[in-house]
Amino acid sequence: MENPRNRSSSPRQPAAGGTHSGRDPAQSGADGGVAAVTRALQILDAFVLGESHLPLAELSRRCGLHKTTVLRLARTLAQSGYLVQREDGEWRLGPATGWLGARYQAGFDVQNVLEPALRALSQSSGESAAFYVREGNVRTCLVRVEGPQALRHHARMGEGLPLEHGSPGRVILAFSGEPGRLYEQIRKQGYQWSIGEREPGVATVSAPVFGMNRRLLGSVCISGPESRLPSATLEALAPQVMNTARQLSYALAGNASAAPAELPPSRWHP
């Protein structure tokens, strides 16, 4: 039964159901994947946010691989700086992973464009602000600025979240051409808000960000507790989010000075 607290600014449509084959991703298959590479990436993915190091046995358990296989791959990754073995024998992520993440963020000009814009949005709205990008069939938080309020919603950087739950993902789907009445409405109004759609008690309002040639880059959003952000407040904050999205669109397209003061929602992008 649907939770009556889960709602959004437009009629919800059933999300497309996913399937899982149950096949071990560490094994090579018809998809042409290289087993050794897949296994090495499994080891890097085994670390979750907040974990500084893991023993070999735990890495083996999480990856579903034999300890000798994990040890061989870990030593190979360590040769390139992606893992480091501590004196006690446990493993931690190495500096190469940080450099890889920095280069990924640099592609969106995080320090010069995204962070200042999100900080200004957070200050004007009083809530946390974030920028989400699409990675395959999920969305990830590329950068986030925490709001000034003591009670706020926390998002994990880099965590894969469903596109079909929550306004940041709904906006990405809509402006990627997803069919359906809900997404047509989002494209028409130029934004989307949701309350409790992905996480109970969390409210968000989001708008799309474009680059050159109207290429969708992601979505910008503000988020906070439902107690502070009822539907009327989200609607009132939508113009601020749309304005930030428009500014980011021009800045990331390298034409910030050309951004007009006012634009209809359907013409935000350069």
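FYI, it's all coordinate maths here, none of it is from the lab. What you are looking at is a predicted structure, and each value in this text was computed from that prediction instead of being measured. So basically every Cβ, Gly included, is an ideal-geometry build from the backbone, and we count neighbours across all protein chains shown.
Full extension of the segment from Ala232 to Glu51, taken as 0.36 nm per residue of separation minus the current Cα-Cα distance, would add 61.2 nm. Within the shell defined by Cβ-Cβ distances under 13 Å, the residues around Thr68 carry a net charge of +4, with Lys and Arg each +1 and Asp and Glu each -1. For the stretch 42-91, applying the loop criterion from DSSP together with a ceiling of 16 other beta carbons within 10 Å to the trypsin sites (Lys or Arg not before Pro) yields Arg86.
Determine, for each peptide in 165-172, 189-196, 221-228, 78-85, the mean count of other beta carbons within 10 angstrom over its residues, then list the peptides with the highest first.
Highest to lowest by the protection proxy: 165-172, 189-196, 221-228, 78-85.
On the principal axes of its alpha carbon atoms, the stretch 35-100 extends 27, 24, 21 Å, with the longest extent given first.
Fully extending the segment from Asn112 to Asn137 would add 6.2 nm, taking 0.36 nm per residue of separation and subtracting the current Cα-Cα distance. Computed packing ranks the peptides 179-187, 208-216, 238-246 as 238-246, 208-216, 179-187, most packed first, by mean other Cβ atoms within 10 Å.
In plain terms, the chain from Thr76 to Leu100 could stretch by 6.9 nm, reckoned as 0.36 nm per residue minus the Cα-Cα distance.
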